[in-house]
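The structure under discussion appears below in the form of structure tokens.
The values are calculated or read from the model by the stated rules, or taken from the named source; none is laboratory data. Here the structure is a predicted model, which is why all the values come from computation and not from measurement. Cβ sites come from the backbone with ideal geometry, for glycine too, and all protein chains shown count toward neighbours.
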Amino acid sequence: MTMDTDSRRSLLSQLAFHPNRPHLLIGVLFLVLGLLVTIAILRPGTDEPWRTARTEDLVQILDDLGARQDRLEAESARLTALERDLEAGSQAQAIAEAQRRLTALQVLAGTTPVSGPGVQITISDPTGVIEAPTILDAIQELRDAGAEAIQVGTERVVVDTWLANDPGGISVSGTPVASPYRILAIGDPETMLSALNIPGGVADSVRTRGAEFAASQAQEMTISVTVPETAS
Amino acid sequence: MIAIIGLLVGIALGVLWSPVVPIWLEPYLPIAIVAALDAVFGGFRALMEKRFDDRIFVVSFLSNVVIAAFLVFLGDQLGVGAQMSTGVVVVLAMRIFANAAAIRRILFRA
């Protein structure tokens, strides 16, 4: 107990006001400490989420934003140039632009023959294990890989094409198609081939079912089948 | 007494003046604070044990801050800045806890 009161008294005596040099120095040190703590707590922008993010994440975010900006700037430049051309008034250019869009839409709608580089796929299925969903998967995969025009059997695949199982094969919008199924697709051959051949992709699933899958690319091919143009 | 006055003046200065920390100093600020706190707790413990020495306190305060900042700087240069900061903070925090325990034992005998 005595030691306790002693130490308390000594604490009080130490805390008492004795202005001499070392005490002043200690005071200055505490001043610095208080200043530092306040600065650290009141530092502006401590509530920004970026401050605590890791450097790698920040770099990733920056890269993404940069790529996005580049894309948008390219798009903006294209549209600005187009606007200028159209405003410059030459009717020929407006017609050319309209024609370009018409062609693009015709390709998508399937009302015009298309030629260009592409891939030809043959799925031989003598035992009848391939059903409509597999062919649909192939079509979706080709579309994802940027195919502009697709033909299955003798049918052009367009926005309202449907597939169903059929005795002896499948039915594409009502037209029976039997093995071997031939699929033509116009687009970038490299991209489409690698999309088809990814592990667990269309080629894999066809082969695991016991059918044969063959794909070859062509630098020039034509899809001449069209769907009738209907006004709607 | 003068220490408390200094602390209060420092806090007041920080609030009123709110200086902008240069960007190169920013990683060292928290480390410097923890190192200084370590020195303060050590000094307080020495005060309790009646072996407080002004000179030792001043020297340990300054050297703590400088060494901690240097370690973090070295870590930054070696590419392990974040881990080094964590290590320094952990060690200093452990010392602070040890000192706080000693102070508590003397003050409250518990």
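See the values below:
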quantity: Matching strands (runs of 3 or more DSSP E) fully within the stretch A:129-232 where at least 2 residues are under 23 Å from residue A:117 (Cβ atoms); calculated: A:149-152, A:155-157, A:181-186, A:212-223
quantity: Which numbered condition residue A:143 misses (of (1) without any contact (Cβ under 8 Å) to a residue 60 or more places away in the chain; (2) touching a Phe, Trp or Tyr at 6+ places or on another chain (Cβ under 9 Å)); calculated: (2)
quantity: Pairs where the first residue, in the stretch B:87-105, is farther than 10 Å from residue B:34 by Cα and the second is surrounded by 14 or more Cβ atoms within 10 Å (Cβ to Cβ) and not aliphatic (A, V, I, L, M), C-beta under 7 Å, 6+ apart; calculated: B:95/B:38; B:99/B:41; B:99/B:42; B:99/B:45; B:100/B:41; B:102/B:45; B:103/B:44; B:103/B:45
quantity: Selection within the stretch B:12-32 - crowded, with 20+ Cβ neighbours inside 10 Å and either touching a Cys at 6+ places or on another chain (Cβ under 9 Å) or at the interface with chain A (Cβ under 7 Å from one of its Cβ atoms) (or both); calculated: B:14, B:32
quantity: The lone exception for residue B:85 - which of (1) within 15 Å of the chain's Cα centre (by Cα); (2) under 20 Å from residue B:60 (Cβ atoms) it fails; calculated: (2)
quantity: Residues of the stretch A:114-144 satisfying the condition of being over 14 Å from residue A:178 (Cα atoms), more than 26 Å from the chain's Cα centre (by Cα) and surrounded by 15 or more Cβ atoms within 10 Å (Cβ to Cβ); calculated: A:114
quantity: Some residue of the stretch B:34-54 being in a helix (DSSP H, G or I), at pLDDT below 80, farther than 16 Å from residue A:37 by Cβ and away from every other protein chain (no Cβ under 11 Å); calculated: no
quantity: Residues of the stretch A:145-184 satisfying the condition of being small (Gly, Ala, Ser), more than 32 Å from the chain's Cα centre (by Cα) and over 14 Å from residue A:131 (Cβ atoms); calculated: A:174
